[in-house]
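Peer 1: The following block contains the structure, expressed as C-alpha coordinates.
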Amino acid sequence: MASSCGKLCLQCRSLLCTKTVTSTWGFVSQARCYTAVTRTPIKFLHGSPIIFGDQRTTQATLRFKQQMYYCTFSAKHQKTEEKENKDVEKLSKANVVSYKNPSLTVKDAVTVTEDQMSLDLGAATEFSALEEISDEEAVTISVHSSIPPASTSLRDYVDQSETLSKLVQLGVNLWKLEQRPNVGNMLLRLNFSTDVAPRLLFLKDIGVGHSRFGYIISHNPFILTESLENLQARVNYLKSKKFTSETVASMVSRAPYLLNFSVKRLDNRLCFYQQQLSLSTANTRDIVARLPRLLCGSLEPVKENLKVCEIELGFKQNEIQHIVLAVPKVLTANKKKLTQIFDFLHNTMSVPHHLITKFPQVLNAKYLRIKERHLFLEYLGRAQYDPTLPSYIPLDCLVSLPDEDFCTELALASLEDFYLFQKTL
(Lines give C-alpha, C1' and ligand atoms only; values in the text may rest on other atoms or scores of the structure.)
Protein backbone atom coordinates (compact mmCIF):
# COMPACT_ATOMS: atom_id res chain seq x y z
CA MET A 1 0.00 0.00 0.00
CA ALA A 2 2.74 2.42 0.93
CA SER A 3 4.73 1.60 -2.19
CA SER A 4 1.76 2.28 -4.49
CA CYS A 5 1.05 5.59 -2.74
CA GLY A 6 4.65 6.65 -3.22
CA LYS A 7 4.60 5.85 -6.94
CA LEU A 8 1.32 7.75 -7.39
CA CYS A 9 2.78 10.82 -5.71
CA LEU A 10 5.84 10.69 -7.96
CA GLN A 11 3.67 10.51 -11.13
CA CYS A 12 1.44 13.39 -10.02
CA ARG A 13 4.42 15.50 -9.17
CA SER A 14 6.11 14.81 -12.51
CA LEU A 15 2.96 15.71 -14.46
CA LEU A 16 2.32 18.84 -12.44
CA CYS A 17 5.88 20.08 -12.73
CA THR A 18 5.93 19.47 -16.49
CA LYS A 19 2.73 21.43 -17.07
CA THR A 20 3.84 24.25 -14.85
CA VAL A 21 7.19 24.69 -16.56
CA THR A 22 5.58 24.48 -20.02
CA SER A 23 3.00 27.13 -19.24
CA THR A 24 5.66 29.36 -17.74
CA TRP A 25 7.85 29.22 -20.82
CA GLY A 26 4.80 29.90 -23.01
CA PHE A 27 3.91 32.98 -21.03
CA VAL A 28 7.45 34.29 -21.22
CA SER A 29 7.66 33.64 -24.98
CA GLN A 30 4.42 35.51 -25.56
CA ALA A 31 5.65 38.41 -23.47
CA ARG A 32 8.87 38.60 -25.47
CA CYS A 33 7.00 38.50 -28.80
CA TYR A 34 4.71 41.25 -27.60
CA THR A 35 7.56 43.48 -26.61
CA ALA A 36 9.37 42.80 -29.86
CA VAL A 37 6.56 44.04 -32.15
CA THR A 38 5.38 46.93 -30.05
CA ARG A 39 6.86 50.24 -31.23
CA THR A 40 6.19 53.94 -30.82
CA PRO A 41 6.12 55.99 -34.06
CA ILE A 42 7.94 59.27 -34.59
CA LYS A 43 5.80 62.39 -34.16
CA PHE A 44 6.19 65.60 -36.21
CA LEU A 45 5.24 69.19 -35.35
CA HIS A 46 4.92 71.61 -38.32
CA GLY A 47 7.01 69.29 -40.43
CA SER A 48 9.86 68.95 -37.87
CA PRO A 49 10.41 65.85 -35.84
CA ILE A 50 10.36 66.29 -32.06
CA ILE A 51 11.20 62.65 -31.15
CA PHE A 52 14.11 60.95 -32.91
CA GLY A 53 14.24 57.17 -33.42
CA ASP A 54 12.01 54.31 -32.13
CA GLN A 55 10.87 54.61 -28.52
CA ARG A 56 10.92 51.28 -26.60
CA THR A 57 11.14 52.54 -23.02
CA THR A 58 7.76 51.19 -21.93
CA GLN A 59 8.28 47.86 -23.67
CA ALA A 60 11.80 47.45 -22.23
CA THR A 61 10.53 48.13 -18.71
CA LEU A 62 7.77 45.60 -19.18
CA ARG A 63 10.24 43.06 -20.50
CA PHE A 64 12.55 43.59 -17.46
CA LYS A 65 9.66 43.10 -15.01
CA GLN A 66 8.57 39.94 -16.79
CA GLN A 67 12.10 38.52 -16.66
CA MET A 68 12.38 39.28 -12.95
CA TYR A 69 9.04 37.57 -12.34
CA TYR A 70 10.25 34.52 -14.23
CA CYS A 71 13.49 34.32 -12.22
CA THR A 72 11.60 34.61 -8.93
CA PHE A 73 9.11 31.96 -10.01
CA SER A 74 11.91 29.61 -11.09
CA ALA A 75 13.71 30.01 -7.74
CA LYS A 76 10.54 29.28 -5.79
CA HIS A 77 9.84 26.29 -7.99
CA GLN A 78 13.37 24.96 -7.48
CA LYS A 79 13.05 25.20 -3.68
CA THR A 80 9.69 23.44 -3.80
CA GLU A 81 11.16 20.72 -5.97
CA GLU A 82 14.08 20.14 -3.55
CA LYS A 83 11.69 19.91 -0.61
CA GLU A 84 9.53 17.41 -2.43
CA ASN A 85 12.58 15.32 -3.32
CA LYS A 86 13.52 15.10 0.36
CA ASP A 87 9.99 14.05 1.29
CA VAL A 88 10.01 11.33 -1.40
CA GLU A 89 13.40 10.04 -0.15
CA LYS A 90 12.05 9.77 3.40
CA LEU A 91 8.95 7.97 2.12
CA SER A 92 11.13 5.60 0.08
CA LYS A 93 13.19 4.73 3.18
CA ALA A 94 9.96 4.02 5.05
CA ASN A 95 8.83 1.75 2.17
CA VAL A 96 12.08 -0.20 2.35
CA VAL A 97 11.57 -0.81 6.05
CA SER A 98 7.99 -1.85 5.40
CA TYR A 99 9.10 -4.18 2.61
CA LYS A 100 11.60 -5.95 4.86
CA ASN A 101 9.03 -6.31 7.62
CA PRO A 102 5.50 -6.44 6.15
CA SER A 103 3.92 -6.13 9.58
CA LEU A 104 5.21 -2.51 9.88
CA THR A 105 3.09 0.32 8.55
CA VAL A 106 4.31 3.62 7.13
CA LYS A 107 3.74 5.29 10.50
CA ASP A 108 5.74 2.59 12.23
CA ALA A 109 8.55 3.00 9.71
CA VAL A 110 8.75 6.71 10.40
CA THR A 111 8.81 5.95 14.13
CA VAL A 112 11.68 3.50 13.63
CA THR A 113 13.64 6.12 11.68
CA GLU A 114 13.15 8.73 14.41
CA ASP A 115 14.19 6.25 17.09
CA GLN A 116 17.34 5.44 15.13
CA MET A 117 18.19 9.15 14.83
CA SER A 118 17.65 9.67 18.54
CA LEU A 119 20.01 6.78 19.30
CA ASP A 120 22.69 8.26 17.06
CA LEU A 121 22.37 11.66 18.75
CA GLY A 122 22.43 10.07 22.18
CA ALA A 123 25.67 8.28 21.35
CA ALA A 124 27.32 11.60 20.49
CA THR A 125 26.27 13.36 23.68
CA GLU A 126 28.49 13.50 26.76
CA PHE A 127 27.97 11.40 29.86
CA SER A 128 25.64 12.72 32.49
CA ALA A 129 27.18 13.91 35.74
CA LEU A 130 24.83 11.61 37.71
CA GLU A 131 25.31 8.51 35.53
CA GLU A 132 27.39 5.68 36.91
CA ILE A 133 30.05 4.40 34.51
CA SER A 134 32.57 1.58 34.65
CA ASP A 135 36.30 1.98 35.18
CA GLU A 136 37.01 1.12 31.54
CA GLU A 137 34.67 3.87 30.34
CA ALA A 138 36.18 6.35 32.81
CA VAL A 139 39.67 5.71 31.40
CA THR A 140 38.50 6.46 27.86
CA ILE A 141 37.03 9.84 28.82
CA SER A 142 39.32 12.69 27.71
CA VAL A 143 39.16 15.91 29.69
CA HIS A 144 39.98 19.13 27.88
CA SER A 145 42.88 20.94 29.51
CA SER A 146 42.02 24.32 30.97
CA ILE A 147 45.63 25.54 30.80
CA PRO A 148 45.81 28.61 28.56
CA PRO A 149 48.00 28.10 25.47
CA ALA A 150 49.86 31.38 26.02
CA SER A 151 50.10 34.00 28.75
CA THR A 152 52.33 36.82 29.93
CA SER A 153 52.09 35.81 33.60
CA LEU A 154 52.78 32.57 35.46
CA ARG A 155 49.82 33.13 37.76
CA ASP A 156 47.50 31.85 35.02
CA TYR A 157 49.17 28.42 35.31
CA VAL A 158 49.50 28.08 39.09
CA ASP A 159 46.16 26.30 39.60
CA GLN A 160 46.89 23.74 36.84
CA SER A 161 50.63 23.20 37.43
CA GLU A 162 51.70 21.21 40.48
CA THR A 163 55.25 22.52 40.14
CA LEU A 164 54.23 26.18 40.24
CA SER A 165 51.77 25.70 43.09
CA LYS A 166 54.41 23.94 45.22
CA LEU A 167 56.98 26.62 44.43
CA VAL A 168 54.55 29.30 45.58
CA GLN A 169 54.09 27.40 48.85
CA LEU A 170 57.87 27.39 49.29
CA GLY A 171 57.93 31.18 48.99
CA VAL A 172 59.25 31.53 45.42
CA ASN A 173 58.52 34.92 43.84
CA LEU A 174 57.09 33.96 40.46
CA TRP A 175 56.65 37.60 39.47
CA LYS A 176 60.44 37.95 39.53
CA LEU A 177 61.04 34.79 37.52
CA GLU A 178 58.50 35.58 34.79
CA GLN A 179 60.41 38.79 33.97
CA ARG A 180 63.44 36.75 32.97
CA PRO A 181 63.49 35.33 29.43
CA ASN A 182 62.58 31.63 28.99
CA VAL A 183 62.43 30.96 32.74
CA GLY A 184 58.63 30.66 32.75
CA ASN A 185 58.68 28.05 29.99
CA MET A 186 61.39 26.14 31.82
CA LEU A 187 59.38 25.98 35.05
CA LEU A 188 56.25 24.78 33.26
CA ARG A 189 58.17 21.87 31.74
CA LEU A 190 59.54 20.70 35.10
CA ASN A 191 57.93 17.84 36.97
CA PHE A 192 57.82 18.43 40.70
CA SER A 193 58.36 14.79 41.69
CA THR A 194 61.24 14.04 39.34
CA ASP A 195 62.89 17.45 38.86
CA VAL A 196 62.19 19.76 41.81
CA ALA A 197 61.82 17.47 44.82
CA PRO A 198 65.25 15.73 44.44
CA ARG A 199 67.03 19.13 44.35
CA LEU A 200 65.18 20.34 47.41
CA LEU A 201 66.10 17.15 49.26
CA PHE A 202 69.73 17.69 48.24
CA LEU A 203 69.72 21.21 49.66
CA LYS A 204 68.19 19.89 52.86
CA ASP A 205 70.85 17.18 53.12
CA ILE A 206 73.74 19.67 52.92
CA GLY A 207 72.19 21.75 55.70
CA VAL A 208 70.18 24.48 53.93
CA GLY A 209 67.06 25.42 55.91
CA HIS A 210 63.55 25.19 54.49
CA SER A 211 63.11 28.93 54.89
CA ARG A 212 65.88 29.58 52.33
CA PHE A 213 64.43 27.43 49.53
CA GLY A 214 62.21 30.23 48.24
CA TYR A 215 65.08 32.75 48.26
CA ILE A 216 67.46 30.40 46.43
CA ILE A 217 65.02 29.43 43.67
CA SER A 218 63.77 33.01 43.27
CA HIS A 219 67.30 34.17 42.50
CA ASN A 220 68.58 31.02 40.79
CA PRO A 221 65.83 28.87 39.23
CA PHE A 222 68.45 27.13 37.08
CA ILE A 223 69.59 25.10 40.07
CA LEU A 224 66.50 22.96 39.39
CA THR A 225 68.04 21.89 36.07
CA GLU A 226 71.49 21.02 37.40
CA SER A 227 72.27 17.33 37.72
CA LEU A 228 72.57 15.94 41.21
CA GLU A 229 76.01 14.53 40.37
CA ASN A 230 77.38 18.00 39.53
CA LEU A 231 75.85 19.55 42.63
CA GLN A 232 77.36 16.88 44.85
CA ALA A 233 80.77 17.22 43.17
CA ARG A 234 80.86 20.99 43.89
CA VAL A 235 79.91 20.49 47.51
CA ASN A 236 82.60 17.83 47.87
CA TYR A 237 85.18 20.23 46.42
CA LEU A 238 84.35 22.96 48.95
CA LYS A 239 84.60 20.46 51.77
CA SER A 240 87.97 19.31 50.43
CA LYS A 241 89.17 22.92 50.83
CA LYS A 242 88.45 22.69 54.57
CA PHE A 243 85.06 24.45 54.43
CA THR A 244 82.87 22.97 57.13
CA SER A 245 79.38 21.61 56.39
CA GLU A 246 77.79 24.54 58.23
CA THR A 247 79.90 27.01 56.23
CA VAL A 248 78.96 25.37 52.93
CA ALA A 249 75.26 25.50 53.83
CA SER A 250 75.58 29.16 54.81
CA MET A 251 77.45 30.00 51.59
CA VAL A 252 74.82 28.29 49.41
CA SER A 253 72.01 30.07 51.28
CA ARG A 254 73.56 33.51 50.76
CA ALA A 255 74.95 32.93 47.24
CA PRO A 256 72.30 30.99 45.28
CA TYR A 257 74.47 30.71 42.13
CA LEU A 258 77.40 29.14 43.96
CA LEU A 259 76.56 25.54 43.03
CA ASN A 260 75.94 26.41 39.37
CA PHE A 261 79.67 26.91 38.72
CA SER A 262 82.01 24.08 37.89
CA VAL A 263 84.73 22.84 40.19
CA LYS A 264 87.39 24.29 37.89
CA ARG A 265 85.90 27.79 38.11
CA LEU A 266 85.60 27.63 41.89
CA ASP A 267 89.22 26.58 42.15
CA ASN A 268 90.36 29.42 39.85
CA ARG A 269 88.51 32.00 41.94
CA LEU A 270 90.06 30.83 45.19
CA CYS A 271 93.53 30.93 43.64
CA PHE A 272 92.91 34.45 42.30
CA TYR A 273 92.09 35.97 45.69
CA GLN A 274 94.90 34.15 47.38
CA GLN A 275 97.47 35.41 44.88
CA GLN A 276 96.19 38.97 44.37
CA LEU A 277 95.95 39.73 48.08
CA SER A 278 98.90 37.57 49.15
CA LEU A 279 96.69 35.78 51.62
CA SER A 280 97.15 32.49 53.37
CA THR A 281 94.82 29.59 52.70
CA ALA A 282 92.98 30.18 55.98
CA ASN A 283 92.50 33.91 55.29
CA THR A 284 91.30 33.22 51.75
CA ARG A 285 88.82 30.70 53.09
CA ASP A 286 87.70 33.24 55.70
CA ILE A 287 86.89 36.11 53.31
CA VAL A 288 85.12 33.75 50.86
CA ALA A 289 83.04 32.24 53.65
CA ARG A 290 81.99 35.71 54.81
CA LEU A 291 81.25 36.96 51.27
CA PRO A 292 80.53 33.87 49.11
CA ARG A 293 79.38 35.94 46.12
CA LEU A 294 83.08 36.60 45.50
CA LEU A 295 83.09 33.15 43.87
CA CYS A 296 80.02 33.93 41.72
CA GLY A 297 80.46 37.46 40.39
CA SER A 298 82.77 38.89 37.77
CA LEU A 299 86.40 39.52 38.61
CA GLU A 300 86.64 42.80 36.70
CA PRO A 301 85.07 44.99 39.45
CA VAL A 302 87.36 43.34 41.99
CA LYS A 303 90.45 44.07 39.94
CA GLU A 304 89.32 47.66 39.40
CA ASN A 305 88.71 48.29 43.11
CA LEU A 306 92.13 46.90 43.98
CA LYS A 307 93.72 49.31 41.51
CA VAL A 308 91.65 52.22 42.89
CA CYS A 309 92.73 51.48 46.47
CA GLU A 310 96.37 51.27 45.47
CA ILE A 311 96.70 54.05 42.88
CA GLU A 312 93.94 56.60 43.51
CA LEU A 313 93.51 56.26 47.27
CA GLY A 314 97.18 55.63 48.01
CA PHE A 315 96.93 52.60 50.29
CA LYS A 316 99.85 50.25 50.58
CA GLN A 317 99.63 46.52 49.81
CA ASN A 318 99.58 45.49 53.45
CA GLU A 319 96.94 48.15 54.21
CA ILE A 320 94.72 46.86 51.39
CA GLN A 321 95.17 43.35 52.74
CA HIS A 322 94.10 44.46 56.22
CA ILE A 323 91.08 46.37 54.87
CA VAL A 324 89.90 43.40 52.79
CA LEU A 325 90.25 40.98 55.70
CA ALA A 326 88.18 43.29 57.90
CA VAL A 327 85.59 44.36 55.28
CA PRO A 328 85.49 42.01 52.23
CA LYS A 329 82.68 44.12 50.71
CA VAL A 330 85.32 46.68 49.73
CA LEU A 331 86.24 44.37 46.87
CA THR A 332 82.78 44.63 45.33
CA ALA A 333 81.85 48.16 46.48
CA ASN A 334 80.83 50.85 44.03
CA LYS A 335 83.91 52.69 42.82
CA LYS A 336 82.27 56.13 42.98
CA LYS A 337 81.02 55.59 46.52
CA LEU A 338 84.42 54.30 47.65
CA THR A 339 86.32 57.30 46.33
CA GLN A 340 83.68 59.75 47.64
CA ILE A 341 83.90 58.42 51.20
CA PHE A 342 87.68 58.35 51.17
CA ASP A 343 87.87 61.91 49.83
CA PHE A 344 85.63 63.21 52.62
CA LEU A 345 87.49 61.28 55.33
CA HIS A 346 90.97 62.15 54.17
CA ASN A 347 90.59 65.66 52.75
CA THR A 348 87.71 67.13 54.76
CA MET A 349 87.99 65.34 58.10
CA SER A 350 91.83 65.12 57.86
CA VAL A 351 91.90 61.43 58.77
CA PRO A 352 95.24 59.82 57.76
CA HIS A 353 95.57 56.50 55.93
CA HIS A 354 96.64 54.48 58.94
CA LEU A 355 93.49 55.49 60.91
CA ILE A 356 91.27 54.54 57.99
CA THR A 357 93.12 51.22 57.83
CA LYS A 358 92.57 50.76 61.57
CA PHE A 359 88.82 51.40 61.19
CA PRO A 360 88.03 50.10 57.68
CA GLN A 361 84.29 49.81 58.52
CA VAL A 362 84.03 53.50 57.72
CA LEU A 363 84.56 52.69 54.03
CA ASN A 364 81.40 50.58 54.09
CA ALA A 365 79.23 53.23 55.79
CA LYS A 366 76.79 55.67 54.22
CA TYR A 367 78.33 58.85 52.92
CA LEU A 368 75.43 61.03 54.10
CA ARG A 369 75.66 59.69 57.67
CA ILE A 370 79.37 60.44 57.85
CA LYS A 371 78.86 63.94 56.47
CA GLU A 372 75.95 64.90 58.76
CA ARG A 373 77.60 63.68 61.93
CA HIS A 374 80.96 65.24 61.18
CA LEU A 375 79.37 68.63 60.42
CA PHE A 376 77.34 68.44 63.64
CA LEU A 377 80.45 67.63 65.67
CA GLU A 378 82.31 70.42 63.92
CA TYR A 379 79.48 72.84 64.75
CA LEU A 380 79.78 71.83 68.43
CA GLY A 381 83.60 72.01 68.33
CA ARG A 382 84.04 68.29 69.00
CA ALA A 383 85.26 67.04 65.61
CA GLN A 384 88.53 65.57 66.91
CA TYR A 385 89.74 62.27 65.36
CA ASP A 386 93.35 62.13 66.54
CA PRO A 387 93.74 59.44 69.21
CA THR A 388 96.66 61.31 70.80
CA LEU A 389 94.52 64.37 71.63
CA PRO A 390 91.70 64.76 74.16
CA SER A 391 88.00 64.39 73.21
CA TYR A 392 88.98 61.74 70.68
CA ILE A 393 86.11 60.47 68.44
CA PRO A 394 86.74 56.92 67.11
CA LEU A 395 85.70 56.45 63.49
CA ASP A 396 83.92 53.17 64.14
CA CYS A 397 81.73 54.78 66.79
CA LEU A 398 81.07 57.71 64.49
CA VAL A 399 79.40 55.53 61.87
CA SER A 400 78.03 52.59 63.87
CA LEU A 401 76.21 54.15 66.84
CA PRO A 402 72.48 54.96 66.58
CA ASP A 403 71.49 58.62 66.51
CA GLU A 404 70.48 58.72 70.15
CA ASP A 405 73.71 57.12 71.40
CA PHE A 406 75.76 59.29 69.06
CA CYS A 407 74.22 62.46 70.54
CA THR A 408 74.55 61.43 74.18
CA GLU A 409 78.01 59.76 74.06
CA LEU A 410 79.94 61.61 71.35
CA ALA A 411 78.21 64.93 70.62
CA LEU A 412 77.01 65.55 74.21
CA ALA A 413 73.85 67.12 72.82
CA SER A 414 70.17 66.28 72.60
CA LEU A 415 68.61 64.32 69.79
CA GLU A 416 66.26 67.25 68.99
CA ASP A 417 69.27 69.52 68.46
CA PHE A 418 70.75 67.04 65.99
CA TYR A 419 67.48 66.81 64.06
CA LEU A 420 67.19 70.61 63.92
CA PHE A 421 70.76 70.82 62.65
CA GLN A 422 70.01 68.29 59.91
CA LYS A 423 67.27 70.60 58.62
CA THR A 424 69.82 73.36 58.07
CA LEU A 425 71.94 71.25 55.73
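Peer 1: Using 31 Å as the Cα-Cα cut-off, could you pick out the over-long pairs in 204/307; 303/423; 239/303? The partial results should precede the final answer.
Peer 2: Working: 204/307 41 Å; 303/423 40 Å; 239/303 27 Å.
The answer is 204/307; 303/423.
Peer 1: For the range 376-425 and the range 171-189, what is the separation of their C-alpha centers, rounded to whole Å?
Peer 2: With the range 376-425 and the range 171-189 each reduced to a Cα centre, they are spaced 49 Å.
Peer 1: Shifting gears a bit: With a 1.4 Å probe and every protein chain left in place, tell me how much accessible area residue 141 has, in Å² to the nearest 10.
Peer 2: Estimated to the nearest 10 Å², residue 141 gives 70 Å².
Peer 1: Spelling out what I want: for every residue of the range 240-254, take phi, set θ = phi - 60°, compute 6.51 cos²θ - 1.76 cosθ + 1.60 (Karplus), and round to whole Hz; glycine and proline get x.
Peer 2: 5, 8, 6, 7, 6, 4, 5, 5, 4, 4, 5, 5, 5, 5, 9
Peer 1: By how many nm would the segment from residue 183 to residue 423 lengthen if fully extended, with 0.36 nm per residue of separation less the alpha-carbon distance?
Peer 2: Gain in length upon complete extension: 81.6 nm.
The values are calculated or read from the model by the stated rules, or taken from the named source; none is laboratory data. These numbers were taken from a predicted model, which means no experiment stands behind them. Calculation scope for accessible area: heavy atoms of the full protein, side chains included, ligands and nucleic acids excluded. Shrake-Rupley method; radii C 1.70, N 1.55, O 1.52, S 1.80 Å.
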